[in-house]
Amino acid sequence: MTIEEAKVILKELIDRSKSFGFDEASAMYSDHESMSVDILNGEVSSYENSRDSGITFRGLKNGQMGTSSTNILDDNTVEYLLAGAMENCEVLNDEDPDFIYCDPDHKELIFTQMSGTYDKNTYERFKELGLQIEKAILAIDPAVKQVDYLSIGCSRGPSMMMNTKGLYAYTDEDGISLYAGARAERDGVVKSGGHYWIGKDIDDFDLSKFIETVEDNLMTKFGAASVRSGSYDVVFRNDAFVSLFKAFFASFSSIIIQRGLSLLKDKVGTKIASEVFTLKELPMYEKALTKIPFDTEGVMTYDKAIVENGIFMTAFYNLKTAYKENRKSTGNGFGGSIGATNIVVTPGDKDFNGLCETVGEGLIITEVSGLHAGVNPISGDFSLLCEGFRIEAGKRGRPVEQITISGNFYEMMQNISELGNDVTNIPGTRGEFFCPSVIVKNMSIAGEEK
Amino acid sequence: MNDSSIMKILDAALSNNADFAELYMEEESSKSVSLLKGKVIKAGTNKGAGIGIRIMQGTNCVYVYSNNFDPESLIHMAREASMALAGTDRAAAADLQKLCKSSPSMISVDPAAIAKSETVEWLRNASEYALGYDPLITQVACGYNFSSKTIRVVNSRGVNKEETKSRIRFSVETVASKGDEKQTGRISPGTLKGYEFINEYPIIDKVRECCDTAIRMANAGYAPSGKMPVIICNGFGGVIFHEACGHALEASSVGIGSSCFAGKLGQQIASSVVSARDNARIEGEWGSYYTDDEGNESSDLQLIENGILKNYLIDELGSRRMNMPVTGCSRREDYCYAPTSRMSNTYIENGSSTPEEIIANTEEGLYCTQMGGGSVDTATGEFNFAVNEAYMIRGGKIAEPVRGATLIGKGPEVLMNIDMVGNDLELAAGVCGASSGGVPVTVGQPTIRVSSILVGGREE
């Protein structure tokens, strides 16, 4: 289906919605193309290619928003979507009304950010690069037995939205992602480790830098042992800190707060983290691969501090939750719920080694596992399998495994003593999370011995 | 799609050095509703369809998918895809066999015939019961999802199968608040049975248990940390086996030699009191199917017998890599994923001890009554999983409740450390995520005891 054909269907949905019984309505079309190449043992083990599109309809009646969606785009699509959403409106009885919106100053929102380099992403190019990466990883050390997983993928696609208030919005974007995971074996001990890369132009990929990180993530794990249980000062490597932080990030959503499922309720203006911690949402951040000028409710996004010097400044709002608190949406209405765009944690001055020197004796945490289960996102409690290194006399020491780190998210935020300057970017649902490594005092570690 | 178009697509897929081509077609419809404190806050309806074409040459695979069923564009897509397989040998597709239909669903009352309002009312009653149960219960979220999916798999060997599955899943989550402390209790059963499952489900009893869990955990102190004997209760406790062993028996890791259990068939990998199965053929069970997502008949597979590794879970690609027959375990979330070896209903079989005997025989340890999810690194066998409800055992008796524990270890070690297996096998529904997406599975086990496992808690 072409974008023009899709526009005809969206227009018909919008035009017919009022006579069908809706007060207001919006319709969104999205189209997605992707390609990926997997490499195993010197060959392309898998090649994938796809094209997929669909329409989501949201109909508002008496403040209740019924939704319906389909990817079957035929003569019955419009009827199916209208009837499905209406049936849903009839069972809804939410106390808080929903809204369809159009900013009178921004009725036409068009933002395209195609890289212009997408055509470089061919099967041959990915295959060649993949084989090169595999060879380079195997050459790291004779102990590297196999690159178990190596995948290079790219995707692109536009999305288009219209509503009965007169909004027309269009965005498109593209991107590339690459992941490699390898296995090494020494004296019967098996270790696994890898690295990833995201970007827009495949020519920006730096092979030697990538291999260096894979080597560090894999080969330094040999000789790992547990540690004694106890309280340790910890340097969370940037990516590990983001993983842990993201498990609790929903607590900053006004939906979760209004439902009483976040301990941040009534905490705006209070200190929820150490004064060295500042976290901002910067939707158009210049270093971000994807800029996000407006949300899917048609509200313009803007820069804002969420936590500034430890003080909780604002939660994320969409139209519905903002109305409930008699305030404006923060431009975080995405997909009928709430989401963040680009998140930036303000870095400190020291590099990673500088943070280790500051800690003196403690632990580096490089990976936390089981985040989908080992956290209580409401109370903030967590207990997670993790690995990393000892910090001995201010330097990275022997590797550490089979330990758990446990604590409470809110207590941990208060115990951040310093942030590094080694910012990494981790992709999120939309946008990225930019964050440096972080020192947290007094984390509870469970290991082999009491 | 008619047979002639299918044959043309298969033919195009085989046009360039492929030895196997497969078409996977899918149609799915679903309805879902979410309630918060008894009010319906979300209601959605979805219908989707798509097609995936997989082409293989030895162990090289090409997978393309789309939601566009136009035969001409699919022929074009198949031909383009086949170009990725270098060479000029050309295989021919066998004639399609007569279409064979199956369904593991066991439906007396069709959920599609039930008005949304009836199920909403049922959940609203449960929600009101929970909110009135105790002042500590401050929030109740419920929801349900009914879905129906029909898949058809045809391939160049003439396979022509269709399977329909109707699923029901609902959930109730209660939150108990005590000061800043908030703890949850949750039930989320799933089934391939019809609406009679809802009609017969003792929802009020289950919601009461769910509230009790949340309240007990809100009042509980932190779990201790360190190595200790751990008793894991029946049902969802089986997630330990799923993570610690099941994933590492899948051909996706065994076939490339990356699993810690690769090359161990016939060897003792678990304590002799452990026997385990993966049975996809239990009628009406959440993780069941009769035809897998590459058109093979599913099986009831003995994975471990008295501690000895008997079988791996092998799909078409794994079969080629391992030179062993497929076991009918190839699954995918939907047409957007190429299929791979996955678990179905996977459980540790009954042993001879009663749960009471297991507790009485444990001087001091942790008794885990509700498990959360977990994850595993199949290369190293390192796994972790969360404990949602637990109690200390002191002097062979259940003592105070504790919260916030995580169990960690290495699969091969923990399997050898299971020293007692109960006789109270129970299955529980879940969704397992892996490279071919999220698929419905059941995990299960009787009550078991692991003689020593590392508990990550907050108390030193």
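The values are calculated or read from the model by the stated rules, or taken from the named source; none is laboratory data. From a predicted model like this one, the values you see are computed outputs, not experimental measurements. We place every Cβ from the backbone using ideal geometry, glycine too, and count neighbours over all the protein chains shown. Areas reflect the complete protein model, heavy atoms only, side chains present, ligands, DNA and RNA absent. Shrake-Rupley method; radii C 1.70, N 1.55, O 1.52, S 1.80 Å.
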> Within the set of pairs 6 or more residues apart or between chains, which connect a residue that is under 30 Å from B:ALA43 (Cβ atoms) inside the range A:332-356 to a residue that is of a type in the set (A, V, I, L, M) and in a loop (DSSP other than H, G, I, E, B) with Cβ atoms less than 7 Å apart?
Replying inline: A:ASN332/A:ALA340; A:GLY333/A:VAL299; A:THR341/A:ILE292
>> For the range A:361-380: of the residues being open to solvent by 10 Å² or more (accessible area, probe 1.4 Å) and under 25 Å from A:THR278 (Cα atoms), which is farthest from the other protein chains (Cβ to nearest Cβ)?
In response: A:THR366
> Looking at the range A:148-186, which of the residues that are open to solvent by less than 40 Å² (accessible area, probe 1.4 Å) and charged (D, E, K, R) is nearest to A:GLU43 (Cα to Cα)?
Replying inline: A:ASP148
>> If I ask for residues that are in contact with a strand residue (DSSP E or B) (Cβ under 7 Å, 6 or more places away or on another chain) and open to solvent by 50 Å² or more (accessible area, probe 1.4 Å), which ones from the range B:312-348 would you list?
In response: B:GLU333, B:TYR337
>> So the check is Cβ under 7 Å with 6+ separation or different chains; which pairs have a first residue in the range A:422-445 that's touching a residue at least 12 places away in the same chain (Cβ under 8 Å) and among the hydroxyl-bearing types (Ser, Thr, Tyr) and a second one that's in a strand (DSSP E or B) and open to solvent by 20 Å² or more (accessible area, probe 1.4 Å)?
In response: A:SER444/A:SER231
> Between residues in the range A:91-109 that are without any contact (Cβ under 8 Å) to a residue 12 or more places away in the chain and residues that are not in a strand (DSSP E or B) and not charged (D, E, K, R), which pairs lie under 8 Å by C-beta distance while being six or more apart or on different chains?
Replying inline: A:VAL91/B:SER117; A:VAL91/B:VAL120
> Within the bounds of the range B:272-281, is there any residue that is among the aliphatic types (A, V, I, L, M), over 18 Å from B:SER451 (Cα atoms) and open to solvent by 20 Å² or more (accessible area, probe 1.4 Å)?
Replying inline: no
> If you check A:LYS324, A:LYS280, which single one turns out to be farther than 19 Å from A:SER262 by Cα and either open to solvent by 10 Å² or more (accessible area, probe 1.4 Å) or within 17 Å of the chain's Cα centre (by Cα) (or both)?
Replying inline: A:LYS280
> Looking at B:ILE151, B:ILE203, B:ILE198, B:ILE137, which is the one that is of a type outside the set (Lys, Arg), within 22 Å of B:ALA43 (Cβ to Cβ) and crowded, with 21+ Cβ neighbours inside 10 Å?
Replying inline: B:ILE198
> open to solvent by 20 Å² or more (accessible area, probe 1.4 Å) and either more than 11 Å from chain A (Cβ to nearest Cβ) or touching a residue at least 24 places away in the same chain (Cβ under 8 Å) (or both): does that describe B:PHE241?
Replying inline: no
> How many residues does the range B:216-238 hold that are within 14 Å of another protein chain (Cβ to nearest Cβ) and buried (at least 22 other Cβ atoms within 10 Å of the Cβ)?
Replying inline: 7
>> Between a residue in the range A:258-277 that is in the same structural domain as A:THR321 (by TED's automatic domain parsing) and any residue that is open to solvent by 20 Å² or more (accessible area, probe 1.4 Å) and part of a loop (DSSP other than H, G, I, E, B), which pairs come within a Cβ distance under 6 Å, given they are 6 or more apart or on different chains?
In response: A:LEU263/B:ASP180; A:GLU275/A:ASN309
> Do you know which residues across the range A:202-222 are surrounded by fewer than 18 Cβ atoms within 10 Å (Cβ to Cβ) and within 14 Å of another protein chain (Cβ to nearest Cβ)?
Replying inline: A:PHE222
> Which one is nearest to A:GLY407 (Cα to Cα) among residues in the range B:182-193 that are surrounded by fewer than 20 Cβ atoms within 10 Å (Cβ to Cβ) and within 14 Å of chain A (Cβ to nearest Cβ)?
Replying inline: B:ARG186
>> Please go through the range B:430-444 and give me each residue that is out of contact with any Cys (no Cβ under 9 Å at 6 or more places or on another chain) and either open to solvent by less than 20 Å² (accessible area, probe 1.4 Å) or not assigned by TED's automatic domain parsing to the domain that holds B:ALA360 (or both), ordered by number.
In response: B:GLY430, B:CYS432, B:SER436, B:THR442, B:GLY444
> For the range A:123-147, what are the residues that are modelled with pLDDT under 95 and open to solvent by less than 70 Å² (accessible area, probe 1.4 Å)?
Replying inline: A:TYR123
> What about A:ALA305, is it crowded, with 22+ Cβ neighbours inside 10 Å and within 20 Å of the chain's Cα centre (by Cα)?
Replying inline: no
> Among the residues of the range A:421-444, is any surrounded by fewer than 21 Cβ atoms within 10 Å (Cβ to Cβ) and within 14 Å of chain B (Cβ to nearest Cβ)?
Replying inline: yes
>> Cβ contacts < 9 Å: first residue at pLDDT below 80, restricted to the range B:83-99; second residue open to solvent by 60 Å² or more (accessible area, probe 1.4 Å), any location; separation 6+ or different chain. Result?
In response: B:ASP89/B:ASP19; B:ALA91/B:ASP19
> Which ones in the range A:32-70 are more than 9 Å from every other protein chain (Cβ to nearest Cβ), touching a residue at least 60 places away in the same chain (Cβ under 8 Å) and at positive phi?
Replying inline: A:GLY42
> Just checking, which of B:GLU196, B:GLU209, B:GLU200, B:GLU163 is away from chain A (no Cβ under 14 Å), within 30 Å of B:ILE53 (Cα to Cα) and acidic (Asp, Glu)?
Replying inline: B:GLU163
>> Give me the strands (runs of 3 or more DSSP E) completely within the range B:399-460, filtered to those with at least 1 residues that are facing chain A (nearest Cβ under 9 Å), ordered by residue number.
In response: B:406-410, B:426-434, B:448-456
>> Please go through the range B:39-54 and give me each residue that is facing chain A (nearest Cβ under 9 Å) and open to solvent by less than 60 Å² (accessible area, probe 1.4 Å), ordered by number.
In response: B:VAL40, B:ILE41, B:ALA43, B:GLY44, B:THR45, B:ASN46, B:GLY48, B:ALA49, B:GLY50, B:GLY52
> Take the residues of the range B:347-374 that are facing chain A (nearest Cβ under 9 Å) and out of contact with any His (no Cβ under 7 Å at 6 or more places or on another chain): which is modelled with the lowest pLDDT?
Replying inline: B:GLY374
> Restricting attention to the range B:56-110, and to residues there that are more than 10 Å from chain A (Cβ to nearest Cβ) and among the acidic types (Asp, Glu), which single residue is surrounded by the fewest Cβ atoms within 10 Å (Cβ to Cβ)?
Replying inline: B:ASP95
>> Take the conditions surrounded by fewer than 20 Cβ atoms within 10 Å (Cβ to Cβ) and either of a type outside the set (Val, Ile, Thr) or more than 14 Å from every other protein chain (Cβ to nearest Cβ) (or both) and apply them to A:ASP74. Does it pass?
In response: yes
